[in-house]
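Here's the structure we're looking at; comments come further down.
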Amino acid sequence: MEEIKKIQQSFGVIGRERELERALAVVKAGRHLLIEGPVGVGKTVIALAISHYLQKQVYRVDGDERYTEQKLTGWFDPPVVMRLGYVREAFIPGPLTLAMQNGGALFINELNRMPESVQNVLLPAMDEFRIEIPKIGKITAAKGFVIIATQNPREFIATSPISEALRDRFELVTLGYQPEAEEVEIVKLHTGVDEDFARLVVRIVRATREHPDIRRGASIRAAISVCLLALQLGGDAEAVRKACHLALPTRVELKEEARNQLDEVIDGIVDSVLKRTAGFERPAVSAEVKKKT
């Protein structure tokens, strides 16, 4: 599909043809989109790529348990209220109100980290394309208004399931981990390392997703970090090991019943992958590329 190729080329998206096609169809149909998947699989990349491709102004909100309804819809400026009272000139619109007024996209990153009371503010905006703001009145959405949200699966820490009523108003696109070949291309794009080095690091990271002692493995973001760190540490196999001990502990989660400590698990994974890549001791990139980094 020609549109999908344009999005990939314009916004640096590797693969994801199926997901892009479905997400694009949802937003073009004027429906609200929920993108679900584990950390680091490119949910935000897809959301922003679709929005910008369709030339929508994006108003971003990052999910937080301390976020309030007023931050989402807007609030009154106290000094102006003191002078003029509760008039429109005293009202500072929040991202939801701005997106509705301007026919833009409200992008909510990690929706299921928001309090339920804040989530409920979205219901009339999604159903009736209007909201009621005290002392201001009704705000009606301009043509093109859409909500695009992302969320991590329920089992992730600090997340909770969104209400059935809210979920019913979204169309769902799910993202999983990409094939090895695509992950290698992503690492090369973001780091400048060569094919063999990128594949080595990607295989280490992918192995964390299958290890019996690991509850939650690392994403492609970890592979990018390992490569960049390894370049600073010498760019050889030993540098990769050191980089893994820096990048992986914050991105993997051991099972409670794990038989080994995290450092031991990482060493075991690195040893196993290096063994299958015998003789890998050369620098990660050419001297010219390494100098640029």
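Every condition in (1) hydrophobic (A, V, I, L, M, F, W, C); (2) surrounded by fewer than 15 Cβ atoms within 10 Å (Cβ to Cβ); (3) touching a residue at least 60 places away in the same chain (Cβ under 8 Å); (4) not assigned by TED's automatic domain parsing to the domain that holds E256 holds for L189 except the one numbered (4).
Taking the criterion of being crowded, with 16+ Cβ neighbours inside 10 Å and under 30 Å from A49 (Cβ atoms), the residues of region 72-97 that qualify are L72, T73, G74, P93, G94, P95, L96, T97.
Report every pair of residues separated by at least 6 positions or lying on different chains whose Cβ atoms are under 8 Å apart, first residue within region 259-270 and in a helix (DSSP H, G or I), second modelled with pLDDT of 90 or more and small (G, A, S). Note: pairs meeting the criteria are I269/A207. Take R60 and decide whether it is closer than 30 Å to Q9 by Cα, among the charged types (D, E, K, R) and either surrounded by fewer than 19 Cβ atoms within 10 Å (Cβ to Cβ) or at pLDDT 95 or above (or both). Judged against the criteria, R60 is a match. Within region 49-62, can one find any residue that is of a type in the set (S, T, N, Q), under 22 Å from the mean Cα position of the chain (by Cα) and over 19 Å from F170 (Cα atoms)? The answer is yes; a qualifying residue exists. If you go through region 231-256 and pick out every residue that is of a type in the set (A, V, I, L, M, F, W, C) and under 21 Å from I214 (Cβ atoms), you end up with 8.
In a residue-by-residue description of region 147-156, the property of being modelled with pLDDT of 90 or more, farther than 21 Å from Q55 by Cα and more than 26 Å from the chain's Cα centre (by Cα) applies to no position.
Filtering N120, N102, N109 for residues that are touching a residue at least 60 places away in the same chain (Cβ under 8 Å) and at negative phi leaves a single hit, N109. None of D213, D194 is modelled with pLDDT under 95 and more than 27 Å from P153 (Cβ to Cβ) except D194.
The sole residue among E116, E132, E210 that is more than 17 Å from the chain's Cα centre (by Cα) and within 20 Å of E253 (Cβ to Cβ) is E210. The residues on offer are L189, L228, and the sole one that is modelled with pLDDT under 95, of a type outside the set (D, E, K, R) and out of contact with any strand residue (DSSP E or B) (no Cβ under 9 Å at 6 or more places or on another chain) is L189. Is it true that some residue in region 194-206 is within 27 Å of Y53 (Cβ to Cβ), out of contact with any Lys or Arg (no Cβ under 7 Å at 6 or more places or on another chain) and of a type outside the set (S, T, Y)? Checking region 194-206: not a single residue is within 27 Å of Y53 (Cβ to Cβ), out of contact with any Lys or Arg (no Cβ under 7 Å at 6 or more places or on another chain) and of a type outside the set (S, T, Y).
The values are calculated or read from the model by the stated rules, or taken from the named source; none is laboratory data. These figures come from a predicted structure and were not determined experimentally. Here Cβ is always computed from backbone atoms with ideal geometry, including for glycine, and neighbour counts include all displayed protein chains.
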